[in-house]
Amino acid sequence: KAGVTQTPRYLIKTRGQQVTLSCSPISGHRSVSWYQQTPGQGLQFLFEYFSETQRNKGNFPGRFSGRQFSNSRSEMNVSTLELGDSALYLCASSSGGAGAREQYFGPGTRLTVT
Amino acid sequence: DQQVKQNSPSLSVQEGRISILNCDYTNSMFDYFLWYKKYPAEGPTFLISISSIKDKNEDGRFTVFLNKSAKHLSLHIVPSQPGDSAVYFCAASESGTYKYIFGTGTRLKVLA
């Protein structure tokens, strides 16, 4: 089974711009979660999508948004980029069911805001 | 308020010996726990999970122990190998959710 894929792997943007990151989950998985990893704050939960609906949300400003498509692929958008948004953005794929709740991560997208 | 804590930022262990990584949590609603291994510039790799209905789960060289009354879990790696050198994260979620709270990680170094 192919793993979680994220595109692009690296991105450089300027303050004030917006960016869209993409995640394709493991085949058959219906839940996609997004996390931000920074040296100062560690891994922080952004949001989770299941069957095209946002099911859980973390404590991030409204500039961070996401969506999920019918094939379970997900995109994350950050508008009006700030220097502090520079981070590794990780996508995690899960079955989404009520039983075992393991999450499998992709390689991440390294975003640098200048 | 950090709900999941890994109080040891680093740990060094001799090859072949046991590595014990610890994790404490404060939220009694957490009922599912995961351990991950992470190398620089890569996504975390899932290692092992445990549900709050169990107190132990084993997978090869990895065993996770859960002490609900102490709100403490630990990951045992036996025997430790140099390839195990990485940063290890524990994560916890509340009942029925996939919203995971991560600890700050412990850097394990296995010495050959």
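Before moving on, here are some points about what is shown:
- Residues that are assigned to a strand (DSSP E or B) and either within 18 Å of A:Tyr49 (Cβ to Cβ) or charged (D, E, K, R) (or both) within the stretch A:1-15 comprise A:Thr5, A:Gln6, A:Thr7, A:Lys13, listed in sequence order.
- Among the residues here, A:Gln103 qualifies as within 14 Å of the chain's Cα centre (by Cα) and within 25 Å of B:Ser52 (Cα to Cα).
- When we screen B:Ala86, B:Ala91 for residues that are open to solvent by less than 20 Å² (accessible area, probe 1.4 Å), within 22 Å of A:Phe47 (Cα to Cα) and among the small types (Gly, Ala, Ser), the only hit is B:Ala91.
To keep it simple, each residue is scored yes or no on (1) assigned to a loop (DSSP other than H, G, I, E, B); (2) within 13 Å of chain B (Cβ to nearest Cβ); (3) under 24 Å from B:Gln6 (Cα atoms); (4) small (Gly, Ala, Ser).
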position	(1), (2), (3), (4)
A:Gln17	yes, no, no, no
A:Val32	no, yes, no, no
A:Gly40	yes, yes, yes, yes
A:Cys91	no, yes, yes, no
A:Gly96	yes, yes, no, yes
A:Pro107	yes, yes, yes, no
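- Against the numbered list (1) β-branched (Val, Ile, Thr); (2) open to solvent by less than 40 Å² (accessible area, probe 1.4 Å); (3) away from chain A (no Cβ under 14 Å); (4) in contact with an Asp or Glu (Cβ under 9 Å, 6 or more places away or on another chain), B:Thr63 comes up short only at (4).
- Within this structure, A:Phe105 passes the test of being among the aromatic types (Phe, Trp, Tyr) and open to solvent by less than 30 Å² (accessible area, probe 1.4 Å).
- Test result for B:Leu47, open to solvent by less than 10 Å² (accessible area, probe 1.4 Å) and either touching a Phe, Trp or Tyr at 6+ places or on another chain (Cβ under 6 Å) or touching a residue at least 60 places away in the same chain (Cβ under 8 Å) (or both): no
- Restricting the stretch B:19-60 to residues that are within 10 Å of another protein chain (Cβ to nearest Cβ) and small (Gly, Ala, Ser), the residue that is nearest to B:Ala112 (Cα to Cα): B:Ala41
- Restricting A:Arg73, A:Arg55 to residues that are within 14 Å of chain B (Cβ to nearest Cβ) and open to solvent by 40 Å² or more (accessible area, probe 1.4 Å) narrows the list to A:Arg55.
- Within the stretch B:69-112, considering residues that are charged (D, E, K, R) and over 26 Å from A:Arg55 (Cβ atoms), the one nearest to the other protein chains (Cβ to nearest Cβ): B:Arg107
- Residues that are in contact (Cβ under 8 Å) with a residue 60 or more places away in the chain and over 16 Å from B:Gly103 (Cβ atoms), drawn from the stretch B:20-44: B:Met29, B:Asp31
- Residue check for B:Lys68: without any contact (Cβ under 8 Å) to a residue 40 or more places away in the chain and in contact with a Leu (Cβ under 9 Å, 6 or more places away or on another chain): no
- Within the stretch B:97-112, the set of residues being in contact (Cβ under 8 Å) with a residue 40 or more places away in the chain and open to solvent by less than 60 Å² (accessible area, probe 1.4 Å) comprises B:Tyr100, B:Ile101, B:Phe102, B:Gly103, B:Gly105, B:Thr106, B:Leu108, B:Val110.
- For the stretch B:4-31, the tally of residues that are open to solvent by 60 Å² or more (accessible area, probe 1.4 Å) and not small (Gly, Ala, Ser) stands at 11.
- Filter pass, B:Asp1 being modelled with pLDDT of 95 or more and within 14 Å of another protein chain (Cβ to nearest Cβ): no
The values are calculated or read from the model by the stated rules, or taken from the named source; none is laboratory data. What you see is a predicted model, and the numbers here were worked out from it, not measured in a lab. No Cβ is skipped: glycine too gets one built from the backbone with ideal geometry, and neighbour counts run over all protein chains shown. Just the protein is used for accessible areas: all its heavy atoms, side chains included, with ligands, DNA and RNA removed. Shrake-Rupley method; radii C 1.70, N 1.55, O 1.52, S 1.80 Å.
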